[in-house]
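Worksheet: the structure to be examined is printed underneath.
The values are calculated or read from the model by the stated rules, or taken from the named source; none is laboratory data. If you're wondering where the values come from, they're calculated on a predicted model, not measured in any experiment. Note that we place each Cβ from the backbone using ideal geometry, even for glycine, and neighbour counts take in every protein chain shown. SASA here: full protein model, heavy atoms, side chains in, ligands and nucleic acids out. Shrake-Rupley method; radii C 1.70, N 1.55, O 1.52, S 1.80 Å.
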Amino acid sequence: MSEQIRQEDQIIKQKMEKIEELKKMGLEPFGRKYDKKDYVADILANYKEEVETEVKTAGRIMAYRRQGAASFGQFEDITGRMQYYVKKDEVGEESYEIYKKLGVGDFIGIEGKTFKTHSGEITVRVTKFELLSKNTRPLPEKFHGLTDVETRYRQRYIDLIVNREVKDTFIKRSKIINYIRTYLQERKFLEVETPMMHPILGGASAKPFVTHHNALDMELYLRIAPELYLKRLIVGGYERVFEINRSFRNEGVSTRHNPEFTMIELYQAYADYHDMMDLAEDLIRSIAKEMSNGTGVIEYQGTEIDYSKPWTRITMIDAIKKYTGIDFNVIKTAEEADAAAKSVGVYAEKGSSYYKILNEVFEEKVEQNLIQPTFITEYPKELSPLAKNKKGSDDFVDRFELFVFGRELGNAYSELNDPVDQRERFEGQVAARESGDEEAQMMDEDFVTALEYGLPPTGGLGIGIDRLVMFMTNSAAIRDVLLFPHMKKKQ
């Protein structure tokens, strides 16, 4: 047994002994409701030196210093941390004996008056306190110094207790989601909920999680995207809908990916992907200004990202030419595309189509250069089975992806609303699936039927909430913005 574990066991033993002592004194170490009236941030903000303000608050003890008949400590609630002062003469000898059995990690209710110490720190002079819950396990002293960072993710509650920055990140996440919801509702978008278990795989190209419903005796897929259900609602007569949704993809775990994730997906009738570009730019710029005191400039991993300026809009082919010199406008065959790709060090899988090679060159050689917000437009039809053709083209569609810091943040189309074309594209996906492509979509007869009833011209947009929060909070990994990320089993 390591020395650290032995010390921790000894501390736990001492804490349990104090719990027994408190019980013998007729006290309940794990208390009940407390009528908290004041929060730390409000106490500090409303402090007036000439007035002793009475407060009643509660929180977790984060520092405990006892010196004879008087003690200073610090407690923390969701809004912040502040100092308190306990003196035996003011709380009484019996209460002070109880206080001596408290320590770091315990929850305490405090009543008292505010004052400022000689060092200028606003403090609560305690006149009455109440033990609300006794802590039985020691908190890490210097959590930032832990080398096993996975402990932060596996035991997020510890991370939140001792690391204020982490707690603030998730408060910001909540504010960002609320901002998105309010922004869309003010623009007449209706928030809806659609199924999370789908009988048919569709809405995006991804490997799904598969489950089985016993009562219905049918195979179901955890949704990879809510797209097809949301577009059914546009067919049904709703003109603007959105869903802040959890989706699931049975793919790798990395600093950028988690098997379940949150995104905002929205659809607007009588719009196209240009309208979605305008909406995405205005929404994200507005969030950035909220998170940066109005500047719209936010640092991410040492780089300033300026959301305030007009964002670059460039086609995929033009972006490839800009960053590699390859002009796919003059390349006509898969063989020519493969040779051009190899000239810049991109080796596509044998037998790849012209458009898959084009996309691979883009992903490997262009994405990393898209640091400031950039819309990449006009994607190959082969890679976009739900998007409307670019006017006058049979090969490219009205689609964009939004990139920031070399990472995809959003995806949007002018939605395909031709049922005949949609059926043909689904059939192409079915053929790809039968050839071994596990990420290809299935034929969704009901969705085609819905299109036959009529889908108005529609623009659709999806934005990854987790990545957006990463950029807005300068978080390096997706796990830093997920309260409980998925982890491998402990060995």
- Message: At 1.4 Å probe radius, can you tell me the per residue accessible area of the stretch 252-340 in Å²?
- Response: 48
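Relative to the present Cα-Cα distance, how much length would full extension add between MET443 and SER353 at 0.36 nm per residue of separation?
Numbers: separation 90, 0.36 × 90 = 32.40 nm, distance 2.20 nm.
Extra length from MET443 to SER353 when fully extended: 30.2 nm.
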- Message: So, taking all protein chains as they sit and a 1.4 Å probe, how much accessible area belongs to ILE171, in Å² rounded to tens?
- Response: 60
- Message: Please list, short to long, the whole-number percent of alpha-carbon pairs of the chain in consecutive 10 angstrom bins beginning at zero.
- Response: 4, 15, 22, 20, 15, 11, 9, 4, 0, 0
- Task: At 7 Å along the Cα-to-beta-carbon direction for both SER435 and SER133, put a label point, then send me their distance in nm to one decimal.
- Result: 5.7
- Message: Explain nothing, just the number: dipole magnitude of the stretch 255-348 about its Cα centre with +1 on each Lys and Arg Cβ and -1 on each Asp and Glu Cβ, in debye rounded to the nearest 20.
- Response: 300
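So what is the accessible area of the stretch 1-106 per residue, in Å², with the probe set to 1.4 Å? Spell out each step's value before the answer.
Numbers: 6580 Å² over 106 residues.
For the stretch 1-106, the solvent-accessible area averages 62 Å² per residue.
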- Item | the stretch 324-368-the stretch 383-402 distance, computed between alpha-carbon centres (Å) | 19
- Item | Solvent exposure, largest accessible area first (probe 1.4 Å, DNA, RNA and ligands not counted), of THR57, THR255 | THR255, THR57
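Taking N as the number of residues in the stretch 119-209, what value does Rg over Cα atoms divided by 2.2 N^0.38 Å take? Please report the intermediate quantities before stating the final value.
Numbers: Rg = 21.9 Å, N = 91, 2.2 N^0.38 = 12.2 Å.
The reported ratio for this selection is 1.80.
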- Query: In whole Å, what is the distance between the alpha-carbon centres of the stretch 95-143 and the stretch 5-75?
  - Reply: 3
- Note on the structure: Computed ³J(HN,Hα) along the stretch 115-123: with the Karplus parameters 6.51/-1.76/1.60, θ = phi - 60°, integer Hz and x for glycine or proline, the list is 8, 10, 6, 4, 7, x, 9, 5, 9
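Would you compute, from DSSP H runs of 4+ residues alone, the mean residue ellipticity of the chain at 222 nm, taking -39500 (n - 2.57) per run and dividing by the full residue count, rounded to the nearest 500?
Here the helix-only value at 222 nm equals -10500 deg cm²/dmol.
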- Query: To the nearest 0.05, what FRET efficiency results for VAL344 and GLU424 with a Förster distance of 41 Å applied to their C-beta separation?
  - Reply: 0.75
- With label points set 7 Å from each Cα along the Cα-to-Cβ direction at GLU251 and GLN301, the distance between them in nm comes to 1.7
- To the nearest 10 Å², what's LEU139's accessible area with a 1.4 Å probe? 40
- What accessible area, in Å² to the nearest ten, does a 1.4 Å probe give for SER119? 100
- Message: Which lysines, if any, have their Cα less than 18 Å from the Cα of LYS88, not counting same-chain residues under 8 positions apart?
- Response: LYS100, LYS101, LYS113, LYS128
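Can you list the trypsin sites (Lys or Arg not before Pro) in the stretch 369-478 that are in a DSSP coil and have 16 or fewer other beta carbons within 10 angstrom?
Details: sites: LYS381, LYS388, LYS390, LYS391, ARG399, ARG407, ARG423, ARG425, ARG433, ARG467; in loops: LYS388, LYS390, LYS391.
Passing sites in the stretch 369-478 are LYS391.
So, with +1 on the Cβ of K and R and -1 on the Cβ of D and E, and no other charges, what is the size of the charge dipole of the stretch 347-491 about its Cα centre, to the nearest 20 debye? Walk me through the intermediate numbers first.
On the way: 17 positive and 27 negative charges, 163 e Å.
My answer is approximately 780 debye.
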- Taking the dipole about the Cα centre of the stretch 145-262, with the C-beta of Lys and Arg at +1 and of Asp and Glu at -1, give me whichever of HIS212, THR262, LEU184 is farthest to the positive side. LEU184
- Message: Full-extension gain between ASP9 and MET197, please, as 0.36 nm times their residue separation minus the C-alpha to C-alpha distance.
- Response: 63.1 nm
- Message: Suppose we keep just the alpha-carbon trace of the stretch 440-491; what are its Rg and Dmax in angstrom?
- Response: 19.0, 55
- Note on the structure: Between the residues LEU160, VAL344, MET82, the Cα farthest towards the positive end of the dipole of the chain, that dipole coming from +1 and -1 charges on the beta-carbon of Lys, Arg, Asp and Glu, is from MET82
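Using the Cα centre of the chain as the reference point, and only Cβ charges (+1 on K/R, -1 on D/E), how large is the resulting charge dipole? Debye, rounded to the nearest 20. Let's see the in-between values first.
On the way: 71 positive and 83 negative charges, 468 e Å.
Computed charge dipole of the chain: roughly 2240 debye.
Using a probe of 1.4 angstrom, how much of the accessible area of the chain is carbon and sulfur, in percent?
47
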- Item | Loop-located GluC sites (Glu not before Pro) in the stretch 135-238 whose Cβ has at most 14 other Cβ within 10 Å (DSSP) | GLU141, GLU186, GLU193
- Query: For the stretch 1-50, what does the alpha-carbon gyration tensor say about shape, rounded, prolate or oblate, given a ≥ b ≥ c as the root eigenvalues, a/c under 1.5 as rounded, and a/b over b/c as prolate?
  - Reply: oblate
- Message: With the cut-off at 1.5 for a/c, could you classify the stretch 166-289 from its C-alpha gyration tensor as rounded, prolate or oblate?
- Response: oblate
- Task: Kindly provide the pair-distance distribution of the stretch 374-435 built from C-alpha pairs, with 10 Å bins from 0 and whole-percent values in order of increasing distance.
- Result: 23, 46, 26, 5
- Total Lys pairs in the stretch 223-370 closer than 23 Å by alpha-carbon, pairs eight or more apart in sequence or interchain only? 19
- Task: Provide the per residue accessible area, probe 1.4 Å, for the stretch 349-397, rounded to a whole number of square angstrom.
- Result: 47
- Message: As an exercise, identify the chymotrypsin sites (Phe, Trp or Tyr not before Pro) in the stretch 341-382 lying in DSSP coil whose Cβ has no more than 13 other Cβ atoms within 10 Å.
- Response: TYR347
